[in-house]
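Beneath this line is the structure, given in structure tokens, with notes to follow.
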Amino acid sequence: MFIGHFGLGFGAKKAASNISLGTLFIAVQFLDLLWPVLLLLDIEHAVIKSGTGHSQPIDFTDYPVSHSLVMVIVWALLFGSVYWIIKKNIKAAVILGLCVISHWVLDLIVHLPDLPLYPGSGSPKFGFELWNSFWGTLLVEGGIFITGLVLYMRSTNAKNNQGKIGLWILVGLLLVSHTANLFGPPPPSMNAVAWAGNLQWLFVILAYWVDHNRSVV
Ligand SMILES: [Zn+2]
């Protein structure tokens, strides 16, 4: 799942208009922002499947710190708590915690059964395997993205050209990355995947900039 997560981040603005889109993006993508770092540190592992013709070329062999449900709840509590300490807004803190958890729920729909409940080799693993259906994945993920984007556009107005054009640059870059993931060649190595994963911070920075140049309706 890629743009589906960002779609949820866009849509969450309607529920919590005082949270910047950038912060919402960090929350919904928190697990996937953590994951490339843990890969590079050799704490979590994944391999590239070869020759399966699968639209999802990565085998997530173990990622208990970033993607086990128990740890996800810990990250959600931490994320919400830090936001509450800084901003003293309990509603926004709860929404951000839920955004962190939403990542696991959306991943659960598409992933093969590789999402653990808790860290440790004994944990059962879950995934409803929507990735096996190319069109099913595209429909669900695209649907979440478009719905979220429409909600964001209805909840905010561009203050200036940066708020207007910036939003379309952000949307365009997300769609280009998603298309490259779907139709591009399989990645050359997991190291390349991890470094590319860190580039997602660009979307976060862009989102802060766009949101700063839009006002809440
Ligand atoms: Zn994920």
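Structure above, values below:
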{"quantity": "Considering residues of the range 119-148 that are polar (S, T, N, Q) and surrounded by fewer than 18 Cβ atoms within 10 Å (Cβ to Cβ) only, the residue modelled with the highest pLDDT", "calculated": "T147"}
{"quantity": "Test: A93 is of a type in the set (A, V, I, L, M) and either within 16 Å of the ligand (Cβ to nearest atom) or in contact with a His (Cβ under 7 Å, 6 or more places away or on another chain) (or both)", "calculated": "no"}
{"quantity": "Selection within the range 77-90 - buried (at least 20 other Cβ atoms within 10 Å of the Cβ) and either touching a residue at least 40 places away in the same chain (Cβ under 8 Å) or within 13 Å of the ligand (Cβ to nearest atom) (or both)", "calculated": "F79, Y83"}
{"quantity": "From S50, S66, S55, residue being modelled with pLDDT of 95 or more and hydroxyl-bearing (S, T, Y)", "calculated": "S66"}
{"quantity": "Those residues of the range 109-126 which are in contact with a strand residue (DSSP E or B) (Cβ under 6 Å, 6 or more places away or on another chain) and within 11 Å of the ligand (Cβ to nearest atom), in sequence order", "calculated": "D114, L115"}
{"quantity": "Among (1) outside any helix (DSSP H, G or I); (2) within 16 Å of the ligand (Cβ to nearest atom); (3) surrounded by 15 or more Cβ atoms within 10 Å (Cβ to Cβ), the one test that H103 misses", "calculated": "(1)"}
{"quantity": "Looking only at the range 1-60, and only at residues there that are aromatic (F, W, Y) and part of a helix (DSSP H, G or I), the one that is farthest from L167 (Cα to Cα)", "calculated": "W35"}
{"quantity": "Condition met for A12 (within 14 Å of the ligand (Cβ to nearest atom), modelled with pLDDT of 95 or more and within 15 Å of K91 (Cα to Cα))", "calculated": "no"}
{"quantity": "Per-region count, the range 1-50, residues polar (S, T, N, Q) and under 19 Å from V70 (Cα atoms)", "calculated": "1"}
{"quantity": "Single residue of L182, L175, L151, L115 found to be over 25 Å from L69 (Cα atoms), buried (at least 16 other Cβ atoms within 10 Å of the Cβ) and touching a residue at least 40 places away in the same chain (Cβ under 8 Å)", "calculated": "L151"}
{"quantity": "The range 22-39, subset under 14 Å from W201 (Cβ atoms) and away from the ligand (no atom under 15 Å from the Cβ), residue surrounded by the fewest Cβ atoms within 10 Å (Cβ to Cβ)", "calculated": "G22"}
{"quantity": "Residues of the range 156-183 classified as within 20 Å of the chain's Cα centre (by Cα) and over 21 Å from I26 (Cα atoms), total", "calculated": "4"}
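The values are calculated or read from the model by the stated rules, or taken from the named source; none is laboratory data. Small disclaimer: the values here were computed from a predicted structure and weren't measured. For neighbour counting, all protein chains shown are included, and Cβ atoms are generated from backbone atoms with ideal geometry for every residue, glycine included.
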